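Quick notes on the structure that follows.
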Amino acid sequence: MEQTPFIEVSDFDRNAIDLSKPAHTAEEYIKQGIVLREKMPKVVRAEISEDVIEKVDIPLFRLGDSLPKCDFIPPCKWTSAQIRLFMSQRIQYLTFYSSGEEGESQEMVELPEENEDWLYFCTGIKTKKTTDNNISVLQSVNPSPWLLKKMDVKDKNSCLLSLAEYIQSSDKPIKNVFLWIYSLLLSLPLPLSPNTTSTLRTLSKRCHYLRSKLKPTTDKELIFTYSIIITIIGNCYSQKDLADYKL
């Protein structure tokens, strides 16, 4: 299905686009996305292999080649609107990221040094892996453009992995987790590492599973929340075999 672009980009030299470096402006991001889309096959599937990727302490949620059946997914028109909104917000963030502005309000926020402490930082939830010595100087905060700008690629990947691990172990994740996941998806630099791609696929599959257990009469808001994550990962990060609609 051919999409009508909501932002026009003038002709440019594809060979001049360096995909090995993260985009620093909205225009660079759009051009990288165009080149990636032209080079990639219609479906890009990352097979999870613990032998070839860095070993991570996360229970892999395997669904084989099929996804749980769900009879109450949002309509295609809603999905298309979510994609346009997400891409517009991502461009706004990338424009802010490249602006050089500094945020005074975030200077005193300490970022976790250990992977195990990101869940506490985002939600205030302690686990058996949470390091008490480190969280004594941490405070739980909501995501903001300033804070996302302060986090480097390693921070974002570690944070995303920690939140994905939490969702894997919980049948009823708290709402703030989804706020953080959406914000991280807005700010992830391209190209994604194999580990990050695997984390996104695992997260999407888990959202498919949890959504299939909900009831449309009582869980409508949560159904839409899971569907947004599935939509973004599937259509904005080239994992179309996991998307509800391949747009």
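The values are calculated or read from the model by the stated rules, or taken from the named source; none is laboratory data. If you're wondering where the values come from, they're calculated on a predicted model, not measured in any experiment. Reconstructed Cβ throughout: ideal geometry from the backbone, glycine too, with neighbour counts over all protein chains shown.
Segment 157-247 holds helices (runs of 4 or more DSSP H) entirely within its bounds, and those carrying 2 or more residues that are surrounded by fewer than 23 Cβ atoms within 10 Å (Cβ to Cβ) and touching a Ser or Thr at 6+ places or on another chain (Cβ under 6 Å) map to 175-187.
Selection of segment 121-154 for residues being at pLDDT 90 or above, crowded, with 16+ Cβ neighbours inside 10 Å and in a loop (DSSP other than H, G, I, E, B) yields Pro143, Met151.
For Asp57, indicate whether it is acidic (Asp, Glu), modelled with pLDDT under 75 and in contact with a helix residue (DSSP H, G or I) (Cβ under 8 Å, 6 or more places away or on another chain). So Asp57 fits the description; yes. Being at pLDDT 70 or above, surrounded by 10 or more Cβ atoms within 10 Å (Cβ to Cβ) and either assigned to a loop (DSSP other than H, G, I, E, B) or touching a Lys or Arg at 6+ places or on another chain (Cβ under 7 Å) (or both) holds for only one residue in Ser66, Ser80, Ser99, and it is Ser99. The set of residues in segment 202-247 being in contact with a Lys or Arg (Cβ under 6 Å, 6 or more places away or on another chain) and among the small types (Gly, Ala, Ser) consists of Gly234 alone. Applying a threshold of 6 Å to beta carbon distances and a minimum spacing of six or more residues, or different chains, the list of pairs starting in segment 171-200 at a residue that is in contact (Cβ under 8 Å) with a residue 60 or more places away in the chain and ending at one that is of a type outside the set (Asp, Glu) and outside any helix (DSSP H, G or I) reads Pro189/Pro22; Pro191/Leu19; Pro194/Ile53; Asn195/Ile53; Thr197/Ala46; Ser198/Ala46; Ser198/Ile48.
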